[in-house]
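To keep things clear, I will list the structure first and then write my remarks on it.
The values are calculated or read from the model by the stated rules, or taken from the named source; none is laboratory data. Predicted, not measured: the structure shown is a model, and the values here were computed from it. Glycine gets a Cβ as well: all are built from the backbone with ideal geometry, and neighbour counts include every protein chain shown. Ligands, DNA and RNA are stripped out before the accessible areas are found, and what is left, the full protein with its side chains, is counted by its heavy atoms. Shrake-Rupley method; radii C 1.70, N 1.55, O 1.52, S 1.80 Å.
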Amino acid sequence: TQIVVYALIVSGLYQLLLVLAQHGFVSIAPETLSVFEQIALFSGAEVLIGGSGAAFTNLAFCSPGCRVVILAKYPLQASFFTAYARHVGTDLAYLTEKDGGVDGMEDLHEAFEVDTLRLDAMLTQMDAALVRRDTDGGQTA
């Protein structure tokens, strides 16, 4: 199961959702689900992608090897999510609009753009890795 955690404030949302749909992602809004539904959803996901936010505390329920892409305006230098991902054995990556850290009082969750070409390339690599894993009987990550 490939899931988009739908908590994004993104310019060009239509183009982003189009790229994600081409890779077989399903959009969800975790805040509309019960705790038990969220646990079931995250524990069964192969790939998760979404905007940085509280929904990703559900990383605690992901299976080892789950691939996670967090979209954000800025890279997070010391991320709570990185620690969670490492603990449960997920493969976490960030795709950010800007390279530098947060300057002054700028909001980490302000609107941002996602480079859909970079995202498409990242997802194509993930798709290929999942196919190899399935072909090898679960031996390739």
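Scanning the stretch 23-43 for residues that are free of Cβ contacts under 8 Å to residues at least 12 places away in the same chain and not acidic (D, E) turns up T32, L33, S34, V35, F36, A40. What's the total number of residues in the stretch 26-51 that are open to solvent by less than 40 Å² (accessible area, probe 1.4 Å) and within 21 Å of H87 (Cα to Cα)? Residues in the stretch 26-51 being open to solvent by less than 40 Å² (accessible area, probe 1.4 Å) and within 21 Å of H87 (Cα to Cα): 8 in total. Within the stretch 52-89, take every residue that is among the β-branched types (V, I, T) and either open to solvent by 20 Å² or more (accessible area, probe 1.4 Å) or in a helix (DSSP H, G or I) (or both) and give me the one that is nearest to A29 (Cα to Cα). Here the residue is T57. Within the stretch 107-123, being at pLDDT 70 or above and either surrounded by fewer than 12 Cβ atoms within 10 Å (Cβ to Cβ) or in contact with a strand residue (DSSP E or B) (Cβ under 9 Å, 6 or more places away or on another chain) (or both) holds for E110, A111, F112, E113, V114, D115, L117, R118, L119, A121, M122, L123.
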